Each structure stands twice: as structure tokens, then as C-alpha cells.
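Note sheet for the following structure.
The values are calculated or read from the model by the stated rules, or taken from the named source; none is laboratory data. Here the structure is a predicted model, which is why all the values come from computation and not from measurement. In this analysis, Cβ positions are derived from the backbone assuming ideal geometry, glycine residues included, and neighbour counts consider all displayed protein chains.
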Amino acid sequence: MMPYFKQLLIWIVILTGYRAYAQLPDSIIVLKQVEIRASRILEKQSSTRSTQKIDTFTLKTYSTNSINELLSKSTNITINQYGASGLSSVSMRGGNANHTAVLWNGFNIQDPLNGEFNLALSTVNIIDEMSINYGGNSALYGSGAVGGSIELSNKALYNSGFKASISQSIGSFGKLSTMGKISYGNEKLFIRTRLFRSSIKNDFEYKNFAKNGFPMDTLKNSAIEQYGLLQEVNYKITKKQEISAQIWLQNNERELAPNMTVTNGYAKQYDKSYRMATTWNRKSQKLDLEVKNGAFYSQIQYISPDINLDVIHTSFNNITDAIANYKFTKKHSTLFGINNNYVQAESDNFNNIEKLNKTAFFLSYKFDLKNKILLTSNVRSETVNSDFKPLTYGLKFEYIILKKLSINTNISKNYRTPNFNDLYWIGAYAKGNPDLEDEEGMSADLGLNYEIAFDKLSINTNITGYYSQFNNLIHWQPQGNFWTPENKKLVKTKGIEFRLQSAYGITKNISLFLNANYTYTDSKLKEKADNESDNVLNKQLIYIPYYQANGLLGFSYKKLRADIILKYVGQRYTTADNNNWLDKYITTDLNISYIYNYKDFGINGFIKINNIFNTEYMVREWYPTPLINYEIGLKFMYN
């Protein structure tokens with residue numbers, strides 16, 4: 001294994017040796033135009049220059065991978081995963097996993113039971129666009145949008161004709177992935193079907209740091225198999241009206257590998273999710289209307305023969321939105337919306353079938369002085385089972401100082417309601433608390449955006465400083481023979497985010513690309529739970545690194561593309577008193593792809609070599625990760 005400092009030295013040489021000079025060809029920075037339907041009303045309301053939009057090339061590069069892998073290597077988001085087949089959780093700006101809203105076509109798809117969404121179970125291939133909004137936005141998206149939101153979208157391609165593609169890839173540790181897509185679009189109708197199936201054994205070798213002498217072991221009981229379908233239908237009723245429907249069905253079968261400290265473990269989990277959504281919208285010069293409904297069913301079955309346990313957890317969630325956006329003038333507009341969310345959950349660990357009904361009213365005002373000022377204010381009032389919640393609000397301001405330079409700020413009050421597990425869980429050693437209060441807090445940020453585009457050079461960069469304070473954090477603590485949650489904690493977080501995207505055309509056929517993301521996060525506990533010692537005060541939250549970064553250095557020659565991807569994660573504490581930690585690490589990947597086109601047909605071949613320097617590291621304590629591994633694949637396209 002190459003020592004850590006040698007990898008760091010290599011990357012310092014690469015990054016400082018990069019130069020971008022004038023005159024970039026338009027073909028390098030402008031993607032082929034396609035006709036797509038306009039963004040949903042709330043997406044446009046929440047989007048600013050500081051919103052990170054994942055580019056088309058990155059989405060295609062990771063199309064055979066999970067969404068969490070793309071996020072960990074291309075954004076400022078912290079990803080924590082329990083081994084190769086375990087839960088993958090998201091942290092934005094030092095928040096918990098249930099502090100990040102995950103939206104699919106405008107619907108919040110966080111699990112009502114635990115408030116999370118396991119991004120490791122979803123492949124990038126099912127989405128067309130991905131946007132990251134950093135910072136709280138509860139006034140628009142409701143409970144859970146505390147640290148930020150991840151928006152996953154499907155877009156209709158009208159007048160696109162008939163298209164089809166099929167891809168097959170194989171990789172290390174028995175990885176096998178098959179994906180197919182077929183679509184048709186004319187002036188009024190767009191239909192698309194996506195099918196996917198993937199499996200992997202995850203039987204890789206690793207150094208077992210829990211055993212004397214650190215011997216090499218082989219990971220067992222870590223296989224994954226998943227398959228699914230996404231069906232989309234979009235129809236233009238008139239030039240101003242459109243109706244759409246999506247059905248996303250997915251099954252996942254996972255073996256849950258034990259950690260290094262456990263000799264044997266044979267637990268399994270079966271995840272089923274059925275998601276259905278319909279949307280009607282009407283757009284006019286003055287008034288835009290949107291009505292949508294989503295129905296979401298989830299079933300999780302956990303089986304552990306070691307302790308003779310077989311439990312099933314199910315949830316049903318129905319979400320209805322009605323939104324109107326009225327444009328008084330070109331500069332002034334207001335948005336009014338009503339949201340109703342009905343949830344029903346049943347679990348072997350609940351005494352009853354639990355139900356929840358939330359109704360929210362939200363209002364937003366936007367002042368848009370093109371090329372100079374953008375001001376957005378939001379306010380939300382919500383009832384939960386007829387109980388009124390405190391108002392939440394948000395204020396966003398953007399000012400264009402110069403043509404290419406702008407400043408933006410965001411201030412918001414945010415909240416999270418307790419999830420069903422917090423309230424109603426009953427197990428052998430744990431019991432929920434139905435008297436829990438909402439978590440709530442304030443957040444603010446200030447950012448600077450800079451964009452330039454010459455004939456050969458393109459640079460887009462953003463730097464943002466942020467601060468947040470969150471009260472009533474829910475903490476599970478022992479009470480007698482049970483663990484139970486209480487509202488005890490106060491956390492204050494401050495940090496810096498930096499993003500850079502750049503491209504430089506050396507000649508007509510040769511180009512260089514440089515992307516970089518850097519995050520500094522200081523997230524400290526200021527008030528502790530009753531059962532905790534004073535040693536945890538003013539200490540960094542566990543598994544939140546002070547520093548993390550990722551970068552891409554790319555080279556293209558005609559239709560050949562090669563990228564080196566760096567990922568750095570700093571030291572992470574594993575105990576609340578910060579006396580134990582996981583070491584920092586750097587991983588380096590190499591991606592190579594080539595596209596060949598002949599008339600209406602195309603072939604895309606790729607190879608990915610991950611962790612090329614055989615770095616040994618852990619994302620969660622005692623859960624191993626693979627050394628060098630590869631994936632190779634072909635995609636056949638008809639357009």
C-alpha cells in the first residue's frame with residue numbers, strides 16, 4: 001500500500017501543475033440541447049446560483065453505481081455506510097441522516113419509520129437530474145429539510161423520437177449489472193421504461209484489525225441483489241397543460257455482514273418499495289398551477305437466525321400538493337401551496353397500527369430583478385394530527401455584484417418531527433417516547449459565486465460559510481432496563497464549503513477538466529443528555545470529519561475520456577468524548593470511457609478502477625472496505 005503522504009504529494013503536484021488559459025471551444029462547455037419540460041414550481045423557487053447541479057457527464061459515469069457513491073465523490077456531502085451491504089446514511093452540514101430531505105420529483109421519500117433514505121439502494125440510472133440544496137429549507141419542504149435537500153428528478157423529452165439503450169457491466173467480487181431503457185417522444189406524448197438488475201457477492205479480502213496480528217480475512221454474508229422498474233408517461237393536454245405519471249418499483253435482498261469483532265453473522269434484510277406519482281400542471285403568462293399526488297409503500301423484513309428474530313416493518317404514505325404561482329409583474333411573483341401527508345405504519349415492534357396526518361400551508365414571495373437582485377421569502381404553517389406547529393420561515397437573497405460575480409445569503413428556521421420509531425418503538429431493550437417534542441433550530445449562510453466563460457476556458461466556483469444551532473435534539477439514553485429517547489441536546493455547527501468546476505480546451509480535440517469540492521465542518525455538542533459526562537461537551541460529533549474533499553482531473557481526446565478521482569476524508573471520532581477515532585484516508589480512482597457512433601447507433605465502453613493505491617480504511621468503525629477493484633462495461637444505444 002502506498003503511504004498516505006505519498007498519495008497526498010502526488011495530488012499536490014497534479015493540482016498545482018494544472019493551468020487553464022484562454023479560449024475554450026463552445027463544444028467543450030455547451031451540452032447538446034434537448035427539449036425538456038420546465039422544472040416543477042418548488043424546484044424553481046428553491047434553486048439559486050449556489051445550488052449544486054450534477055452535470056450530465058457525472059450522471060452517466062456513475063449510471064451503474066448507487067447514488068451514495070456519486071454523492072461521496074462529487075459533492076460536499078458526508079456519506080457514512082455500515083460496510084459493503086449495510087445502511088448508507090447522509091450528513092449535510094454536520095446534521096444527522098434524518099436532517100436531509102430526499103425528494104423524488106418533488107415528493108419527500110424519507111422513510112416515516114426512521115426518517116432516513118438509504119441511497120445505497122438506488123442506482124443513478126433511474127434519474128435524469130440531480131440537484132443539491134445546501135442549508136435548511138423547512139419552510140418549503142417541511143420536516144427533515146434541516147441540513148439540506150437532495151432533489152432527484154425525471155424529465156420528459158418531447159419530440160425525441162424512438163430511443164433505446166442496454167448496458168452490461170461486470171466487476172470485482174462478483175458484480176454483475178444489467179440496465180435497459182426504451183423511450184418514445186413526439187410533440188404531445190413521452191413514454192419511457194427503465195429496467196435494472198444488479199448483484200454483487202462482496203466477498204473481498206480485508207485486514208482484520210480486531211484480531212491479533214491483523215490477519216487477512218474474507219468478508220462473508222455480504223451479498224446484494226436488487227432489481228426494479230421505472231415507468232414514466234407524460235402527455236401534453238394542450239400547449240399550456242400537461243399530465244404525467246411515474247411508477248417506481250424496486251426489490252432489494254441484502255445479506256448484512258457482521259463487523260470485524262463478530263466471528264459469524266447471518267442476518268438478512270429484504271427491502272421492497274413501490275412508489276407511484278401523478279402530476280397535473282398548467283402554465284400561463286400570469287398563473288402557474290400544479291396539483292400532484294404520490295402514494296408510497298415500503299416493507300422491510302429483517303431476519304437474524306442467530307437470535308431467532310424475524311420482524312416486518314411496513315409503511316404507507318400518501319402525499320398531496322396543490323400549488324399556485326402568480327406573477328404580478330416580471331419582477332414580482334408569489335406562490336401559495338397546500339400539502340397534506342397521511343402516513344400509516346405497522347411494525348412487529350409497535351403495539352398498534354400508527355397513523356399520522358400532517359397538513360401544511362406555505363407562502364412564498366419572489367422579487368427577481370434580472371441580472372441584479374433575487375429575493376425569496378418563505379413561510380410555512382403546519383398541523384400534525386390537528387396540533388398546530390410553530391411557524392417556520394426562510395429568507396434568501398442574491399446580489400450580482402459584477403456580471404460574473406454574485407453574493408448570496410440564506411437565513412431559515414427549521415424543524416424535524418420525531419419519526420415513528422422515536423415515538424412508538426417497543427423492543428426487548430428499547431422503548432419509544434410518545435411525548436417527544438420537535439427538534440428545531442436556526443441556520444444562516446453567506447456565499448460568493450464566480451463564473452467565467454471564454455472561448456476556451458470555463459470556470460464556475462462557489463465558497464460559502466455557514467452557521468446553525470439546533471435545539472431539542474433527540475437522544476436515546478438508558479432508563480432502567482430500557483433505552484428510550486429524550487429531547488436533551490443542543491448542537492452548534494459552523495463551516496465552510498468550496499466548489500469548483502472548470503474546463504480548458506487545449507485544441508479542438510483535446511480538453512482538460514478540473515473539479516474540486518472541499519468542506520470544513522465544526523459541529524460541537526453544547527448541551528448534553530442527563531446520562532452523559534461533561535467530557536462530551538464542546539466535542540466534535542461522531543463520524544463528522546473536520547475536513548473532507550474530493551476532486552477530478554479529466555482529459556479528453558475526441559471521444560476518449562480519462563478521469564482521475566481523488567477522495568479525502570479527515571479523522572473522524574467514534575466516541576462522544578473524542579477519545580477514539582478513525583484515521584484520515586485518501587482513495588484514488590481511474591475512469592476511462594470511449595464512445596463510438598455510427599449513424600443512429602452508438603457504443604459506450606468504460607472501465608473503472610477504484611482505490612488504485614490499495615488504501616486500507618474504514619468508513620464506520622470495524623466495518624471493512626475493499627482494496628483495489630474494477631468494473632468494466634458496454635452500453636449499446638439507438639437514437
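The table below lists the values:
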read-out	value
Lone qualifier among S172, S198, S165 - being within 23 Å of the chain's Cα centre (by Cα) and within 20 Å of L634 (Cβ to Cβ)	S198
Qualifying residue in the range 592-607 (condition: surrounded by 15 or more Cβ atoms within 10 Å (Cβ to Cβ) and part of a loop (DSSP other than H, G, I, E, B))	no
Hits in the range 608-619 (condition: under 13 Å from L582 (Cα atoms) and surrounded by 20 or more Cβ atoms within 10 Å (Cβ to Cβ))	V619
Residue check for Y450: in contact with a Lys or Arg (Cβ under 8 Å, 6 or more places away or on another chain), buried (at least 19 other Cβ atoms within 10 Å of the Cβ), part of a strand (DSSP E or B) and of a type outside the set (K, R)	no
Count - residues of the range 208-222 that are within 31 Å of the chain's Cα centre (by Cα), within 16 Å of Y617 (Cβ to Cβ) and surrounded by fewer than 16 Cβ atoms within 10 Å (Cβ to Cβ)	1
Entirely in the range 46-107, the strands (runs of 3 or more DSSP E) that have 3 or more residues that are hydroxyl-bearing (S, T, Y)	88-91
Residue that is farthest from the chain's Cα centre (by Cα), among those in the range 312-333 that are among the hydroxyl-bearing types (S, T, Y) and over 16 Å from K283 (Cβ atoms)	T329
Checklist (1) out of contact with any strand residue (DSSP E or B) (no Cβ under 8 Å at 6 or more places or on another chain); (2) of a type outside the set (F, W, Y); (3) within 17 Å of P626 (Cα to Cα); (4) free of Cβ contacts under 8 Å to residues at least 12 places away in the same chain applied to N259, failing item	(4)
Filter result (among the polar types (S, T, N, Q) and under 21 Å from S511 (Cα atoms)) within the range 532-571	N550, S556
Selection within the range 484-531 - hydrophobic (A, V, I, L, M, F, W, C), in a strand (DSSP E or B), more than 26 Å from the chain's Cα centre (by Cα) and buried (at least 16 other Cβ atoms within 10 Å of the Cβ)	L512
Residue pairs meeting the criteria (Cβ under 6 Å; at least 6 apart or on separate chains; first of a type in the set (F, W, Y), in the range 272-295; second at pLDDT 95 or above)	Y274/L249; Y274/Y297; W280/I243; W280/V291
Any hit, the range 458-468, residues being of a type in the set (G, A, S), more than 30 Å from L560 (Cα to Cα) and surrounded by 21 or more Cβ atoms within 10 Å (Cβ to Cβ)	yes
Tally, over the range 353-408, of residues that are more than 30 Å from N460 (Cβ to Cβ), among the basic types (K, R) and assigned to a strand (DSSP E or B)	3
Qualifying residue in the range 163-180 (condition: in a helix (DSSP H, G or I) and within 20 Å of T100 (Cβ to Cβ))	no
Filter result for N76 (out of contact with any helix residue (DSSP H, G or I) (no Cβ under 8 Å at 6 or more places or on another chain), at pLDDT 90 or above, surrounded by 22 or more Cβ atoms within 10 Å (Cβ to Cβ) and closer than 26 Å to L490 by Cβ)	yes
Scan of the range 263-282 for residues that are within 30 Å of V233 (Cα to Cα) and part of a loop (DSSP other than H, G, I, E, B), ordered by number	none
Filtered residues of the range 360-409 (kept if more than 27 Å from the chain's Cα centre (by Cα), farther than 22 Å from S143 by Cα and either among the hydrophobic types (A, V, I, L, M, F, W, C) or loosely packed, with under 13 Cβ neighbours inside 10 Å (or both))	F367, L369, K370, N371, K372, I373, I400, I401, L402, K403, L405
Breaking point among (1) touching a helix residue (DSSP H, G or I) at 6+ places or on another chain (Cβ under 9 Å); (2) surrounded by 20 or more Cβ atoms within 10 Å (Cβ to Cβ), for S198	(1)
